[in-house]
1. Among the residues of segment 78-129, how many are closer than 15 Å to E66 by Cα, among the small types (G, A, S), touching a strand residue (DSSP E or B) at 6+ places or on another chain (Cβ under 6 Å) and assigned to a loop (DSSP other than H, G, I, E, B)?
2. Suppose we filter E175, E192, E155 for residues that are modelled with pLDDT under 90, open to solvent by 40 Å² or more (accessible area, probe 1.4 Å) and of a type outside the set (G, A, S); which single one remains?
3. For residues in segment 82-140 being among the charged types (D, E, K, R) and at pLDDT 80 or above, which is surrounded by the most Cβ atoms within 10 Å (Cβ to Cβ)?
4. Among (1) open to solvent by 20 Å² or more (accessible area, probe 1.4 Å); (2) in a loop (DSSP other than H, G, I, E, B); (3) of a type outside the set (F, W, Y), there is one condition T47 misses while meeting the rest; what is its number?
5. With E30, E26 as the choices, which residue is touching a residue at least 12 places away in the same chain (Cβ under 8 Å), assigned to a loop (DSSP other than H, G, I, E, B), in contact with a helix residue (DSSP H, G or I) (Cβ under 8 Å, 6 or more places away or on another chain) and open to solvent by 30 Å² or more (accessible area, probe 1.4 Å)?
6. Go over the candidates V15, V53 one by one and state the one that is farther than 24 Å from K171 by Cα and either modelled with pLDDT of 95 or more or assigned to a strand (DSSP E or B) (or both).
Amino acid sequence: MKRITVLLADDHTIVREGFRKMLELEPDLEVVGEAQDGRQAINLIETLRPAVVLMDIAMPLLNGLEATRQAIKAFPRTKILMLSAHSDDAYVKSATEAGAVGFLLKQTSAHDVCRAIREVQSGKTFFSPSVSRRQNRISSPSTDREGVLHKKIAELTSREMEVLQLVAEGKANKETAAELGIGVKTVEKHRENLMRKLDIHDTAGLTRHAIATGIIESSVQVTIV
């Protein structure tokens, strides 16, 4: 029996361990590697050439959406299933536009996760049941606001997407430059381009945009009354 090779990409060790233990029970599935951020995921895809990747949508350094875009462009035979704790329409739309062939909620049953891997490997798509039930609405024409939002994101380059994520995560220009291995002035130019293309003119606005499109997940805020 030829086993389906799987790469796990999630920044939480406990999540990766859970998926690994789940998949190790299946004789036709084999976990060949684990990544804790999008950049590591791309490197491991290049090295290991897994058949399927379970890719978390929100990871540090490089999020799952941009990692998926880059991976699909370089390794089109790899199938990517996006993982998220949220089923927001914008997240699902962003995932499919990035090239993911499925969308799994992290609370999806073990049976459905294994089924999803087998189905996408065979050329099909798969969405968690609760997400799938909403696909008619998601697949219908977007509202004007949603359409503009995703059109603007599609106009960004890969480097601009990386800068947008780091800005939204609170990184200063110097930190962003060090992380990406580019000059501070280059980062400043990318920020200018981002604000012009997105018609957003402050860091708070860029952060809200990144959250709305699933580039980063919003942190839980507790309000004390």
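1. Looking only at that region, the number is 1.
2. E155
3. Among residues in segment 82-140 that are among the charged types (D, E, K, R) and at pLDDT 80 or above, the one surrounded by the most Cβ atoms within 10 Å (Cβ to Cβ) is K93.
4. Just one mismatch for T47, condition (2).
5. E26
6. Only one candidate qualifies: V53.
The values are calculated or read from the model by the stated rules, or taken from the named source; none is laboratory data. Keep in mind it's a predicted model, so treat the numbers as computed, not measured. No Cβ is skipped: glycine too gets one built from the backbone with ideal geometry, and neighbour counts run over all protein chains shown. Accessible surface is based on the protein model in full, side chains and every heavy atom, while ligands, DNA and RNA are left aside. Shrake-Rupley method; radii C 1.70, N 1.55, O 1.52, S 1.80 Å.
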